[in-house]
Amino acid sequence: MLRLSEVHASYGAATVLHGVSIEMGAGETVALLGPNGAGKSTLLAAVTGTIRSRSGSIVFDGAEIVRAPAHRIVQAGVRLVPEGRLVFSPFSVEDNLRLGALRLEGELSERFDYVYRLFPRLAERKKQPAGTLSGGEQQMLAIGRALMSRPRLLLLDEPFLGLAPLVVHQIRSALEKLRASGLTLLIVEQKLDIALAFASRAYVLIKGAVVLHDTTADLVRRANLADLYLSLAPRG
């Protein structure tokens, strides 16, 4: 479904990704782990085309997308739930969801029903301005907006950041339903216990390089992954 090969990416003169290679199959849930500043969000931006890879290959479902414009990548079936949610505060919940389906043709009622079944709280607040929602509700809205376009690959950047335990449970339950439906998920997450329990495999990224790839079951057996970050960090 997705394969990155020797991807280098920069912001201006600052190189952030140094020859990153990862791959994941259709229907897999894979975690991308690492300390702050490791380049995890940059990797997601490279996949979605919001930054240009300086070199390397990004293949989605057999097609090279490394030079494709961002809107073409969305049309191909890749959607990002960004860190910080980035909802349109003055617009209603319903209008925010509609923006996620701008390039879909035909009746949208089936997509609204799908999102509202997944997140009943959004159905209760569909006419409410998004800016008046709680942080957890805004996260539900950001995920729902991405789902409106019928993605085949969903990228989630810190979906549990700053959320109360009850809301974490609600959103995790929704993501488990998406995983069970066969949707391919790539999740960036600082909460290691959640990421390792949720995904089947994980890549550890440090200073823009993949330093470890393993099953999450094997990673769970390690006593302290934070210490592992330090031990694996590239020298120099």
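The values are calculated or read from the model by the stated rules, or taken from the named source; none is laboratory data. Quantities reported herein were computed from a predicted structural model and do not represent experimental measurements. Heads up, the Cβs are rebuilt from the backbone with ideal geometry, glycines too, and the neighbour counts pull from every protein chain shown.
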For this session: Looking only at segment 188-204, decide whether some residue is closer than 17 Å to VAL78 by Cβ and touching a helix residue (DSSP H, G or I) at 6+ places or on another chain (Cβ under 9 Å).
Result: yes
Seminar exercise, completed: Of the residues in segment 140-195 that are among the hydroxyl-bearing types (Ser, Thr, Tyr) and surrounded by fewer than 23 Cβ atoms within 10 Å (Cβ to Cβ), the one that is nearest to ALA217 (Cα to Cα) is SER173
Exercise. Can you pull out the residues in segment 126-139 that are crowded, with 20+ Cβ neighbours inside 10 Å and over 20 Å from the mean Cα position of the chain (by Cα)?
Worked result: ALA130, LEU133
Exercise. What pairs come up if the first residue lies in segment 15-27 and is of a type in the set (D, E, K, R), the second is assigned to a strand (DSSP E or B) and at pLDDT 95 or above, and their beta carbons are under 7 Å apart, counting only those six or more places apart or on different chains?
Worked result: GLU23/LEU2; GLU23/ARG3
For this session: Say whether the condition of being within 30 Å of LEU133 (Cβ to Cβ), touching a helix residue (DSSP H, G or I) at 6+ places or on another chain (Cβ under 6 Å) and polar (S, T, N, Q) is met by at least one residue in segment 80-92.
Result: yes
Exercise. Filter segment 1-15 for residues that are aliphatic (A, V, I, L, M) and not in a strand (DSSP E or B); which is nearest to GLU189 (Cα to Cα)?
Worked result: MET1
Exercise. Within segment 173-191, can you find the residues that are over 23 Å from ILE22 (Cβ atoms) and charged (D, E, K, R)?
Worked result: LYS177
Exercise. Has segment 109-128 got any residue that is over 19 Å from GLN170 (Cα atoms), touching a strand residue (DSSP E or B) at 6+ places or on another chain (Cβ under 8 Å) and not aromatic (Phe, Trp, Tyr)?
Worked result: yes
Exercise. Quick check: is even one residue across segment 135-154 at positive phi and among the charged types (D, E, K, R)?
Worked result: yes
Problem set entry | THR215 being of a type in the set (Ser, Thr, Tyr) and surrounded by 19 or more Cβ atoms within 10 Å (Cβ to Cβ) | no
Problem set entry | Matching residues in segment 43-57 - criterion: being over 18 Å from PRO69 (Cβ atoms) and in contact (Cβ under 8 Å) with a residue 60 or more places away in the chain | LEU43
